[in-house]
Amino acid sequence: MEVFFQTLVGGLGFGAVYALVAMGFSIVYRTMGLVNFAHGQVVMIGAYAASTFYMSARLPFFVAIPVAMLVTGMIGLVIERVLRPLENKDFDLMLIGTIGFGMVLEAVATIIWGATGHAVPSPVDTEPLDVFGIRIRTYSLVVLAIAALATVALVLFLQRTKRGAAMQAVAMDHEAATAVGIHVGRSNAVAFAIGAGLAALAGALVAPMLYVNPTLGGSLGIKGFAAAILGGFGNIQGAIVGGLAIGVLDSYLAGRFQAYSELVVFLVFTVVIMIKPTGLFGERTVNRA
């Protein structure tokens, strides 16, 4: 039973990171109908930026995180602004453009930080907490708490602010939103900035749990992408559920199948998607057809 709960909390910790990545994918897709294939590399840049501010600039870890989010938020704005002229011309080129940006970001990370990567020390006590005889990693609880706060903040932003309402209007009907005077380009830019900020948060939180290197965004991006699809692409609630599900499943399967755990996770994912192609909480998003 002790191992069960330890594995559960560890899986939820990684699942929270996947959920943040999935929410970043979803916020852009629900607003623009675009899959940002550079998202995984933005996660990696966020991990590097946060670790640099934390380890080199000596900022407190929980100060380095929002600074890294601002940096990647600016990157998100740049990506959106460069791709904007293609929005009403060739949407396929926008998709290819995000892939190109991902390659550029990975190359830039290699030039700045090198190809070998580095480990990031835990910002909190590494001594596990003893909860009713169950030893739980303190940092896993920190990750869960921060991810939960970020999720609540995003939901409140979308539901309680004018800009959030405008973004939801764009998500429901692009042309109708334009007709009533909503600045669609601005909503798209905000979506990219928020998505990039969530990516940085995920990268910063996972940095003390994994080895930070230029290829980090590949694995995190794929699992976050899978989580978004599993939950229903464009659905924030689905992204959360999908991320947590993949994290817990991966954690438990790692103990049974070891090196093949990821393969089994994606086999399970494939079966679920074959049964319910729209995902668990599939919803309507911008139609670019």
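The values are calculated or read from the model by the stated rules, or taken from the named source; none is laboratory data. Every value quoted in this text rests on a predicted model; they were computed, and no experiment measured them. Ideal geometry is used to build each Cβ from the backbone, glycine not excepted, and the neighbour counts take in all protein chains shown. Keep in mind that these areas ignore ligands, DNA and RNA; they rest on the heavy atoms of the full protein, side chains included. Shrake-Rupley method; radii C 1.70, N 1.55, O 1.52, S 1.80 Å.
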Check your understanding: For the range 137-159, what are the residues that are modelled with pLDDT under 95 and small (Gly, Ala, Ser)?
Key -> Ser140
Exercise for review: Please specify each residue of the range 86-116 satisfying the condition of being assigned to a helix (DSSP H, G or I) and open to solvent by 70 Å² or more (accessible area, probe 1.4 Å).
Suggested key: Asp92, Leu93, Ile96, Ile99, Met103, Val104, Ile111, Ile112, Trp113
Practice item. State yes or no: is Leu70 surrounded by fewer than 24 Cβ atoms within 10 Å (Cβ to Cβ) and at pLDDT below 95? Key: no
Exercise for review: Would you tally the residues in the range 186-213 being of a type outside the set (A, V, I, L, M, F, W, C) and open to solvent by 10 Å² or more (accessible area, probe 1.4 Å)?
Suggested key: 4
Study note, to complete from the structure: For helices (runs of 4 or more DSSP H) lying entirely in the range 117-179, having 1 or more residues that are without any contact (Cβ under 8 Å) to a residue 12 or more places away in the chain and basic (Lys, Arg) picks out 138-160, 162-172
Review point. Just to be sure, is Leu129 open to solvent by less than 80 Å² (accessible area, probe 1.4 Å) and modelled with pLDDT of 95 or more?
Key: no
Practice item. State whether one or more residues within the range 182-199 are farther than 19 Å from Glu80 by Cα and either of a type in the set (Val, Ile, Thr) or out of contact with any helix residue (DSSP H, G or I) (no Cβ under 8 Å at 6 or more places or on another chain) (or both). Key: no
Check your understanding: Is it true that Val82 is closer than 23 Å to Ala107 by Cα, assigned to a helix (DSSP H, G or I), in contact (Cβ under 8 Å) with a residue 60 or more places away in the chain and open to solvent by 10 Å² or more (accessible area, probe 1.4 Å)?
Key -> no
**Study point:** Neighbours by Cβ (under 6 Å, 6+ apart or cross-chain): first from the range 232-258, open to solvent by 60 Å² or more (accessible area, probe 1.4 Å); second not charged (D, E, K, R)
**Key:** Gln237/Phe281; Tyr252/Thr7; Phe257/Val264
Check your understanding: Which residue out of Ala245, Ala202, Ala191 is aliphatic (A, V, I, L, M) and over 26 Å from Val9 (Cβ atoms)?
Key -> Ala191
Review point. Any idea which of Tyr48, Tyr29, Tyr54 is touching a strand residue (DSSP E or B) at 6+ places or on another chain (Cβ under 9 Å), part of a helix (DSSP H, G or I) and not hydrophobic (A, V, I, L, M, F, W, C)?
Key: Tyr48
